[in-house]
1. Go through region 58-73 residue by residue and tally those that are under 18 Å from ALA149 (Cα atoms) and within 15 Å of the chain's Cα centre (by Cα).
2. Can you tell me which residue is least open to solvent (accessible area, probe 1.4 Å) among those in region 123-132 that are aliphatic (A, V, I, L, M) and assigned to a helix (DSSP H, G or I)?
3. What tally of residues in region 79-117 results from selecting those that are part of a helix (DSSP H, G or I), buried (at least 17 other Cβ atoms within 10 Å of the Cβ) and touching a Leu at 6+ places or on another chain (Cβ under 9 Å)?
4. Residues of region 154-169 being exposed (fewer than 13 other Cβ atoms within 10 Å of the Cβ) and either modelled with pLDDT of 95 or more or in contact with a Cys (Cβ under 6 Å, 6 or more places away or on another chain) (or both), which ones?
5. For GLU142, indicate whether it is in a helix (DSSP H, G or I), crowded, with 18+ Cβ neighbours inside 10 Å and out of contact with any strand residue (DSSP E or B) (no Cβ under 7 Å at 6 or more places or on another chain).
6. Name the residue, out of ALA174, ALA135, that is touching a residue at least 60 places away in the same chain (Cβ under 8 Å), among the aliphatic types (A, V, I, L, M), surrounded by 13 or more Cβ atoms within 10 Å (Cβ to Cβ) and touching a Ser or Thr at 6+ places or on another chain (Cβ under 8 Å).
7. Given SER76, SER120, which one is within 14 Å of the chain's Cα centre (by Cα), open to solvent by 80 Å² or more (accessible area, probe 1.4 Å) and of a type in the set (Ser, Thr, Tyr)?
8. If you scan region 53-73, which residues turn out to be open to solvent by 50 Å² or more (accessible area, probe 1.4 Å) and outside any helix (DSSP H, G or I)?
Amino acid sequence: PSPSSLNSPTSAIPLPHNDHFLLHRFLHIHSTFRTHSTMSALGIMNPAYSVSRSEILRWVNGLLDLKLAKIEDTASGAVACQVFHCIFPEGVVLSKVNFAARLPHEFTANYKVLQQAFDSIGIEKNIDVQKLIKAKYQDNLEFMQWVKAYFDSFFPDAPPEYDARDERKRATEAYRLTRGGGPRRA
């Protein structure tokens, strides 16, 4: 459907505010709504799974302003949460993500946030948390290849403007406050 036909009073599709970016994102998400399950079920022979470790690291470090050295550094789930926050800012509650997670139970909590986001957005993907939190190269590589393929399906040309460092800083402060840690002193 064209944007003008969507604005008709008889349209069954509710439109977001008149903001051009939101309208563009809404139309893209609406047009790809049926791809949620398609993207969730990528087979291992899909070209998405041939993306190299170095390409994944270059992409995620550039997108999120990080300095990850190896794929296993994504095992905490925080990276995947932030990538999906970039796609669906209202869908991932970043303030519930522990960016300083170091222990398996903390990783599990981050993946729970991600799975809740998937469920609310409509992404039919079951995250194999028990495999990912072990920080094994192959499991985390395949998951990050899927994450990149999903991201690329929304932003094939260029990523959106997203201040990853600022989003992490605000989310980390909110996480600390909700956990009784109080504000960080300078």
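The values are calculated or read from the model by the stated rules, or taken from the named source; none is laboratory data. This structure is a prediction, so every number in the text was calculated from the model and none was measured. Quick reminder, even Gly has a Cβ in these numbers, built from the backbone with ideal geometry, and neighbours come from all protein chains shown. These accessible areas exclude ligands, DNA and RNA; they are computed on the full protein's heavy atoms, side chains included. Shrake-Rupley method; radii C 1.70, N 1.55, O 1.52, S 1.80 Å.
1. The qualifying residues number 6.
2. The residue in question is LEU132.
3. 11
4. Listed by number, the residues that qualify are ASP163, ARG165, ASP166.
5. yes
6. Just one listed residue meets the conditions, ALA174.
7. SER120
8. ASP65, LYS67, ALA69, LYS70
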